[in-house]
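Okay, structure first, notes after.
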Amino acid sequence: MVNLTIDNKKIQAEEGQTLLEVARQNGIGIPTLCHHESLEPSGSCRLCSVEVGEGSRAKVVTSCLYPVAEGLVVKTGSERVMNVRRMVIQLLLARAPESEQLAKMAEGMGIRPEPRFKASEDGNKCILCRLCVRTCEKIVGVSAIGFSSRGPQKDVCTPFHEPSTVCIGCGACSYACPTGQIEMHVSPAGDVRTIWGRDFKMAACKVCGRYFAPEDQLQYISGRTGVPVEELMACSSCR
Amino acid sequence: MTSKIKSFSELKQLQEKIKASRDPQKLRITICVGTGCLAHGAMNVADAFSEEIDRRGLSVKIDFRKTGCHGFCERGPMVIIAPENIFYQHVAVKDVGEIVEKTLLKGEIIDSLLYADPQTDEKYVREDEVPFYKRQTRTVFGMNSKVDPKNLEDYLAVDGYSALAKALAMKPAEIIREVVTANLRGRGGGGFPAGRKWEETSKAAGTPKYVICNADEGDPGAYMDRSLLEGNPHLVLEGMIIGAYAIGSNEGYIYVRNEYPLAVENINIAIKQAREAGFLGENILGSGFSFDIKVNRGGGAFVCGESSALFASLEGRAGEPRAKYVHATEKGLYDKPTNLNNVETWANVPFIINNGGDWYAGIGTDRSKGTKIFSLVGKINNTGLVEVPMGTKLREIVFDIGGGILNNRKFKAIQTGGPSGGCIPEEYLDMPVDYDELTKVGSMMGSGGMIVMDEGTCMVDLARYFTNFLANESCGKCVPCREGTQRMREILVDITEGKGREGDIELLESLAASIKDGALCALGTSAPNPVLSTIRYFRDEYEAHIKEKRCPAGVCKSLITYGVDSEKCTGCTLCAKVCPVGAATGEKKKAHKIDSDKCTRCGACRESCQFDAIIVR
Amino acid sequence: MEEKVKEIVQGYGGDKSYLVPVMQDVQKELGYLSKEALMAISANLGVPVSRVYEVATFYKAFSLKPKGRHHISLCMGTACHVRGAEFIAANITSMLGIRDGETTADLEYSFETVGCLGACALGPIVVVDGEYHGEMNIAKTTKLLKKLGKKV
């Protein structure tokens, strides 16, 4: 067991835990954007920043990655932390002004846009939280989407910005996206799903007839698990 | 090719044999063909010497050696004539014949090729008398003039690899102790104590352990690492092998910047030679220790100079850094214990082993030991690479060694530490140069780049330049760096274009503080330094741009107008000829004028006028 | 092309960590990295196309478009900047109609700026087809480009 202090509260943690885990277990709220329980922490949004250490040795670190240590003193709401948080949200608001989710989050945190940051006008809501790419790579295992370029030009895309041949149309990336940038469209009949510029033929449940998953996705799951496709042809309600 | 040396005594014997076969009184021409001199046309001069010597049938009588950078780049192409070590500078192909005829064969000095002090006109004959060299302490870099980087025997002739032999007879812990005593601090910019890093890596759990040489020298204006790697690759190798032995590593990497083809070529040749001679590979010098090195080239990304981004690149991924809450010494390359050091850091190691950690700690200041190689560039007379003990005063570097400001203008500031550093104004010229002192004034040592500026440099434009560089080089992973440097750039561009607003300076300061705290890696956390230091020392320039829409240095295009001083103008029509938009007009022999509506402020007229008649407002 | 890529990948033992050197060698061989070349690298090395594409677009050394017959580099290092490199960049752009990283439509000229060439004593520096030209200014650059055959 490791003993540390968070916001003047004495806390016990297990060796190897991160500050974010421990804080949440103890009801201490720390905002996050790029964090997800099923994924390795990315440390890219910096919203979960906290201050550790005291005096001249105090430094700002991301709680999603920083390991607990004996005697550590942590502050989740110091001036430096609040400044970082405010700046991150303001920068993202300027980058993706059309994201309702982001605007709501900012409002909930009491942060207003910084008027001096010229708001982007390209309609792009991506904040490069990396949840979609990480999900596709680690959870789905297909790596259909990835990054291109670097710096402010960095974007999430399919290779060559052309429809991907390996995408299975599962839509996990769209679910993971916190700003609504990744769009998934379904045809009126429900038989075609369109995502990342590609149309996917949907499979119908053999029991209720409802279209529930792309055929490509079922083929992929079959290939990965060895379960024959026919046995996968039932939607979650009818299983 | 040197065949495999199997023991320390064999090495000693070989060194003695080589030394004995070389007559110190023999005539020799040494010419620098480092990248800087090559750009000056040094290869043509070298070829001309080669041909002349052959033509006259003198190749047995005269030794001819091509070396890497000597450091006095302003004066290249340069040659040294042994045994007297006569120093000739600005040597052209047309001088070659005369040099061979007069100096080599008759021992006559050619006055016009000697270095002359620009102030006193006094001439200096020998290399070690030349003030530029005399005032330095060229412990590490001085060897460059003595070895042909492609010739292992040259390195052995100056006792090369003796430190390795000595180290292999020591215990690893003893070696680490020497390096700790020496207090060798990282020369790449971080200034972290190398000995402590070695110790942590040697104690870390897990195999294999890796030893890496960071040769991704990305700071614009800094080229010490390139010159060491090009000019004395065996020195760097020797340092790495010693380190690997001390740490317990058998696998090493040298990560070289893609834009350094000559360095890549020379280090590869040196590695091949080292393997053949038994300094790399299995059972080195019969010690039982095995170690080998691979060379990887960077892909053109400044961020890959950051250790975790470098690891990502070596692992075949985009160079994105990761959090370093767990040190690389525990989990680095492939999550294994890794010791990464800069080229110059490795190059210092053989000297520490040969002379002892105490000797090394006797040079420099309290907390910055040894010597450092700086690249002194910009508005300076003696542009080049300079090696001095830590603690040397800035004034001495800039004026005594550097020869003062170009065209006799006035010193305004000096930028140290590259894009991660800050500018230092005149009031600090008497400060000692060391890691902590530089940090105190808002800058940093960085890799050792020193850019000198005069009153013709706009500090706001400089901040914009650095911020632009960093925004372009940002990997894009974290919000503060990716978005923050972009917004800082936006504001700075506005200020230089006369669109600055009240409150911009304060906003820059607040953005800077949060980026310093919030960014993921050192590129991001140090990105605000150029902005903060220029605001700290030149706030008035910022205010002039914002409040008065005026650029005091006369640089920012949108804030200046060009005009003609009718008293100085002779009507030579040069400006009219070079003006791309026809804004400069006038009749021959009559005072010209410039139409400020048409003028694009490209600067061509200002550059071409021989009479200083172009006024900048 | 496929054969060449296979050969290069095998030269590195098919080791995925050598993605960057593989791409450097392929680019050296083929002049640039076409989509087909990148797909071939992905297939031969066993690395997802998305990562190959990420690496190809992350590093400045890689070119996904063919380069021009004449290659012009301008050093934008700090020393050269302080000696007026940006004015020269503007001049090159106005003369050739291309910016940093671009190639003219007729594939005659490519222009790029580089961080630092390490020849600061000679700054500003323009390198044309591997040949270094030092102490450049606007007038000299104009002359140099004109000599290359470009009509201004």
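The values are calculated or read from the model by the stated rules, or taken from the named source; none is laboratory data. The model shown is predicted, which means the values in this text are computed figures rather than measured ones. Glycine also receives a Cβ, built like all others from the backbone with ideal geometry; neighbour counts cover every protein chain displayed.
Scanning segment B:368-398 for residues that are more than 17 Å from B:Glu344 (Cα to Cα) and at pLDDT below 95 yields B:Val377, B:Gly378, B:Lys379, B:Ile380, B:Asn381, B:Asn382, B:Thr383. B:Ala42 satisfies every condition listed in (1) in contact with a Gly (Cβ under 9 Å, 6 or more places away or on another chain); (2) surrounded by fewer than 15 Cβ atoms within 10 Å (Cβ to Cβ) except (2).
If I filter segment B:304-344 down to residues being β-branched (Val, Ile, Thr) and surrounded by fewer than 24 Cβ atoms within 10 Å (Cβ to Cβ), which single residue comes out as farthest from the other protein chains (Cβ to nearest Cβ)?
Looking only at segment B:304-344, we keep the residues that are β-branched (Val, Ile, Thr), and these are B:326, B:329, B:338, B:343.
From the residues that got through so far, the ones that are surrounded by fewer than 24 Cβ atoms within 10 Å (Cβ to Cβ) too are B:326, B:329.
Numbers: B:Val326: 7, B:Thr329: 16 Å.
Among those residues, the one meeting the criterion is B:Thr329.
In the set (1) without any contact (Cβ under 8 Å) to a residue 40 or more places away in the chain; (2) more than 9 Å from chain B (Cβ to nearest Cβ), C:His70 fails one condition alone, (1). The residue that is surrounded by the most Cβ atoms within 10 Å (Cβ to Cβ), counting only those in segment B:472-494 that are within 21 Å of C:Cys116 (Cβ to Cβ), at the interface with chain A (Cβ under 7 Å from one of its Cβ atoms) and of a type in the set (S, T, N, Q), is B:Ser474. Scanning segment B:584-607 for residues being away from chain C (no Cβ under 14 Å) and under 22 Å from C:Lys140 (Cα atoms) gives a total of 2. Among the residues of segment A:61-107, the ones that are under 19 Å from the mean Cα position of the chain (by Cα) and more than 8 Å from chain B (Cβ to nearest Cβ) come to 17 in all. Among the residues of segment B:429-440, is there at least one that is buried (at least 24 other Cβ atoms within 10 Å of the Cβ) and in contact with a Leu (Cβ under 8 Å, 6 or more places away or on another chain)? Within segment B:429-440, one or more residues are buried (at least 24 other Cβ atoms within 10 Å of the Cβ) and in contact with a Leu (Cβ under 8 Å, 6 or more places away or on another chain).
What do you reckon, is B:Leu511 of a type outside the set (Gly, Ala, Ser), within 14 Å of chain A (Cβ to nearest Cβ), part of a helix (DSSP H, G or I) and more than 15 Å from B:Met459 (Cα to Cα)?
Against the criterion (of a type outside the set (Gly, Ala, Ser), within 14 Å of chain A (Cβ to nearest Cβ), part of a helix (DSSP H, G or I) and more than 15 Å from B:Met459 (Cα to Cα)), B:Leu511 qualifies.
Filtered by the rule that a residue be in a helix (DSSP H, G or I) and either crowded, with 23+ Cβ neighbours inside 10 Å or in contact (Cβ under 8 Å) with a residue 12 or more places away in the chain (or both), segment B:45-93 gives B:Val45, B:Ala46, B:Ala48, B:Phe49, B:Ser50, B:Glu52, B:Ile53, B:Cys73, B:Glu74, B:Arg75, B:Val93.
Among the residues here, B:Val349 qualifies as farther than 25 Å from C:Tyr12 by Cα and either part of a helix (DSSP H, G or I) or outside the structural domain of B:Leu228 (by TED's automatic domain parsing) (or both).
Taken over segment B:414-433, the residue count meeting the criterion of being assigned to a loop (DSSP other than H, G, I, E, B) and either closer than 20 Å to C:Cys116 by Cβ or touching a Phe, Trp or Tyr at 6+ places or on another chain (Cβ under 7 Å) (or both) is 2. Scanning segment B:316-367 for residues being more than 23 Å from B:Ala301 (Cβ to Cβ) and hydroxyl-bearing (Ser, Thr, Tyr) gives a total of 4. Consider segment C:3-31 and keep the residues that are under 23 Å from the mean Cα position of the chain (by Cα), more than 14 Å from chain B (Cβ to nearest Cβ) and surrounded by fewer than 22 Cβ atoms within 10 Å (Cβ to Cβ). The one that is farthest from C:Lys65 (Cα to Cα) is C:Lys4. A count restricted to segment B:529-540 and to residues that are surrounded by fewer than 23 Cβ atoms within 10 Å (Cβ to Cβ) and touching a Cys at 6+ places or on another chain (Cβ under 7 Å) stands at 1.
Going through (1) part of a helix (DSSP H, G or I); (2) farther than 19 Å from B:Asn232 by Cα one by one, B:Leu38 falls short only on (2).
Only one entry of B:Asp461, B:Asp400, B:Asp436 meets the criterion of being touching a residue at least 40 places away in the same chain (Cβ under 8 Å), over 22 Å from B:Thr365 (Cα atoms), part of a helix (DSSP H, G or I) and out of contact with any strand residue (DSSP E or B) (no Cβ under 8 Å at 6 or more places or on another chain), and that entry is B:Asp461. The condition of being buried (at least 23 other Cβ atoms within 10 Å of the Cβ) and closer than 20 Å to B:Val531 by Cβ holds for B:Pro419. In segment A:157-170, of all residues being in contact with a Lys or Arg (Cβ under 8 Å, 6 or more places away or on another chain) and crowded, with 22+ Cβ neighbours inside 10 Å, the one that is nearest to the other protein chains (Cβ to nearest Cβ) corresponds to A:Ser164.
Give me the residue from segment C:107-143 that is out of contact with any helix residue (DSSP H, G or I) (no Cβ under 8 Å at 6 or more places or on another chain), crowded, with 17+ Cβ neighbours inside 10 Å and of a type in the set (A, V, I, L, M) and, out of that set, farthest from the other protein chains (Cβ to nearest Cβ). Filtering segment C:107-143 for residues that are out of contact with any helix residue (DSSP H, G or I) (no Cβ under 8 Å at 6 or more places or on another chain), crowded, with 17+ Cβ neighbours inside 10 Å and of a type in the set (A, V, I, L, M), the one farthest from the other protein chains (Cβ to nearest Cβ) comes out as C:Val127. Answer yes or no as to whether B:Ile18 is among the β-branched types (Val, Ile, Thr) and under 30 Å from B:Gly286 (Cα atoms). Answer is yes for this residue.
In segment B:314-332, how many are aliphatic (A, V, I, L, M), touching a helix residue (DSSP H, G or I) at 6+ places or on another chain (Cβ under 7 Å) and in a loop (DSSP other than H, G, I, E, B)? Spell out the reasoning first.
Applying the first criterion (aliphatic (A, V, I, L, M)) to segment B:314-332 yields B:314, B:318, B:323, B:326, B:328.
Applying the additional criterion that residues be touching a helix residue (DSSP H, G or I) at 6+ places or on another chain (Cβ under 7 Å) yields B:314, B:318, B:328.
Now restrict to residues that are in a loop (DSSP other than H, G, I, E, B): B:318, B:328.
The number of residues fulfilling the criteria is 2.
Among the conditions (1) in contact with an Asp or Glu (Cβ under 7 Å, 6 or more places away or on another chain); (2) away from every other protein chain (no Cβ under 14 Å), A:Ser149 misses just one, which is (2). The single residue among B:Phe411, B:Phe469 that is under 23 Å from C:Ala119 (Cα atoms), among the aromatic types (Phe, Trp, Tyr), touching a helix residue (DSSP H, G or I) at 6+ places or on another chain (Cβ under 9 Å) and within 14 Å of chain A (Cβ to nearest Cβ) turns out to be B:Phe469.
Among the residues of segment A:3-18, write down those that are more than 10 Å from chain B (Cβ to nearest Cβ), without any contact (Cβ under 8 Å) to a residue 60 or more places away in the chain and either crowded, with 18+ Cβ neighbours inside 10 Å or of a type outside the set (Lys, Arg) (or both). Scanning segment A:3-18 gives A:Asn8, A:Ile11, A:Gln12, A:Ala13, A:Glu14, A:Glu15, A:Gly16, A:Gln17. Whenever a residue of segment C:79-90 is more than 15 Å from B:Met459 (Cα to Cα) and more than 7 Å from chain B (Cβ to nearest Cβ), its partners that are in a helix (DSSP H, G or I) and hydrophobic (A, V, I, L, M, F, W, C), lying with C-beta atoms within less than 8 angstrom and at least six residues away or across chains, give the pairs C:Cys80/C:Cys120; C:Ile88/C:Ile138.
Meeting the requirement of 2 or more residues that are crowded, with 22+ Cβ neighbours inside 10 Å and touching a residue at least 60 places away in the same chain (Cβ under 8 Å), no strands (runs of 3 or more DSSP E) wholly within segment A:23-132 can be named.
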